[in-house]
Amino acid sequence: MSQQGEKVFPPLSAEEAKARVRPDNTNRPFARFIGNADAKNILSRAIFAALQRHNHALREFNFAFIGGPGSGKTTLAALLAEEVGLPFVVIHPQTTTTVNDVLVAISRALEEMSPTMELQEAAKNHFDLPCMIVFIDEVHLLKDSVVQGVLKATEPKDRILCTELGWTANCRDVCWVIATTERGLLFDAFDTRFLKVPLLPYTLAEVTAIVQMNYPEWPQAICEKVAKYGGQNASETLNLAKVISLESEMTGNLA
């Protein structure tokens with residue numbers, strides 16, 4: 001049975017799902033993610049299973065993305081949600097001090113996506129969360145009390161998020177994705193319970209390709225130059241590219 005506002009998909013056959021997740025399928029969202037083929041392959045196995053379900057649930061999967069700043073962790077998580085057509089919710093540790101904050105952030109994000117996705121009480125102070133991807137960046141910054149609450153929500157035999165106010169939420173169809181810069185920063189329970197997805201630093205050629213994808217009208221030489229100065233941090237390189245683009249619009253000169 002689908003939850004309030006939850007999408008229902010025509011389940012694909014195994015052959016159809018296999019065709020959808022092929023690495024050479026240029027129409028899939030992952031085609032817009034440059035590099036880290038191994039990481040995309042790990043996620044594609046989970047997507048293959050999800051596409052054969054009516055709700056595209058990734059219920060048996062939780063992922064830990066491990067990579068340096070600008071390695072594309074947030075982008076890859078968002079594309080994972082796009083691959084399976086599920087809501088994508090971001091939890092910011094800096095503004096999350098309680099387990100209740102997690103549930104409130106999820107509720108607000110779903111309401112912003114669509115009024116029909118507003119959480120409905122399945123019982124007094126209890127909610128059944130729809131299928132979604134919940135992404136926590138810099139998970140090592142979460143307070144220990146919040147970590148314990150999230151761990152309970154990811155426990156296969158539990159999957160219940162319990163807040164300090166006595167609210168509970170069934171997370172059976174929630175896929176949790178956490179991210180950190182180094183595996184050593186993960187709490188032990190996260191390290192053992194989450195499937196690790198390492199993200200390697202970008203090469204110069206990959207950063208150049210990222211610039212080209214975002215600024216297809218730019219000459220190859222300009223993209224290479226921007227990538228060289230921007231370095232392996234794709235986010236910083238794209239910020240630099242944006243500055244150059246704005247300056248070129250003002251001066252009429254792209255140098």
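Here, each number is a calculation from the coordinates, and none is a lab measurement. Note that this is a predicted model, so its numbers are computed, not measured. Glycine also receives a Cβ, built like all others from the backbone with ideal geometry; neighbour counts cover every protein chain displayed.
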- [ ] Just check region 1-132 against the gyration tensor rule for me: Cα atoms, a ≥ b ≥ c as the square roots of the eigenvalues, rounded for a/c under 1.5, and otherwise prolate or oblate depending on whether a/b exceeds b/c.
- [x] oblate
Open item on the list: In the chain, if the dipole is taken from +1 on Lys/Arg beta carbons and -1 on Asp/Glu beta carbons about the Cα centre, which of L185, L200, V90 is farthest to the positive end?
Closed with: L200
Task: Rounded tilt (10° steps) of 37-50 against the dominant C-alpha axis of the chain - done: 40
Task: Most mobile of V104, V134, V89 in a GNM of the chain (Cα contacts under 10 Å) - done: V104
Task: Low-density loop positions, GluC sites (Glu not before Pro), region 155-238 - DSSP coil, at most 13 other Cβ in 10 Å - done: E164, E182, E217
Open item on the list: Quick check: pseudo-label points 7 Å beyond the Cα along Cα→Cβ at A19 and L195, how many nm apart are they?
Closed with: 2.4
Open item on the list: Tell me the angle of helix 234-251 to the major Cα principal axis of the chain, expressed in degrees between 0 and 90 and rounded to the nearest ten.
Closed with: 50
TODO: Note the full-extension length gain between R172 and I160 as 0.36 nm times their separation in residues minus their Cα-Cα distance, in nm to one decimal.
DONE: 3.6 nm
Open item on the list: From the mean inverse distance of alpha carbon pairs (Kirkwood) and the Cα radius of gyration, derive Rg over Rh for region 199-255.
Closed with: 0.97
Open item on the list: Could you identify which residue out of A64, A78, A241 has the top mean-square fluctuation in a GNM of the chain using Cα springs shorter than 10 Å?
Closed with: A241
TODO: Show the residues, 5+ positions off or on another chain, whose built amide H is closer than 5 Å to the amide H of V90.
DONE: F135
TODO: Distance check, please: which entries in K143/K196; K7/K152; K7/K73; K73/K157; K18/K40; K196/K225 exceed 23 angstrom between their Cα atoms?
DONE: K7/K152; K7/K73; K73/K157; K196/K225
Open item on the list: Under 8 Å for C-alpha pairs, at least 6 residues apart: give me the relative contact order for region 123-255, rounded to a whole percent.
Closed with: 20
- [ ] Treating each Cα of region 78-160 as an identical point scatterer and ignoring solvent, apply the Debye formula and state log10 I(q)/I(0) at q = 0.16, 0.23, 0.24 Å⁻¹.
- [x] -0.66, -1.32, -1.39
TODO: Step through the residues of region 173-188 one at a time and calculate ³J(HN,Hα) from phi using the Karplus curve (6.51 cos²θ - 1.76 cosθ + 1.60, θ = phi - 60°), rounding each to whole Hz and writing x for Gly and Pro.
DONE: 10, 9, 9, 8, 10, 10, 9, 8, 7, 9, 4, x, 7, 6, 5, 3
Open item on the list: Helix-only estimate, please: 222 nm mean residue ellipticity of the chain, summing -39500 (n - 2.57) across DSSP H runs of length 4 or more and dividing by its residues, to the nearest 500.
Closed with: -12500 deg cm²/dmol
- [ ] Relative to the longest principal axis of the C-alpha atoms of the chain, give the angle of the C-alpha long axis of helix 144-154, reported between 0 and 90° and rounded to the nearest 10°.
- [x] 80
Open item on the list: Calculate the FRET efficiency for E236 and I42 from the Cβ-Cβ distance with a Förster distance of 30 Å, rounded to the nearest 0.05.
Closed with: 0.70
Task: 37 °C / 0.692 mPa s Stokes-Einstein diffusion coefficient of region 180-229, Kirkwood radius on C-alpha pairs, µm²/s - done: 249
TODO: Compute the relative contact order of the chain as a whole-number percentage, counting only Cα pairs closer than 8 Å that sit 6 or more residues apart in sequence.
DONE: 23
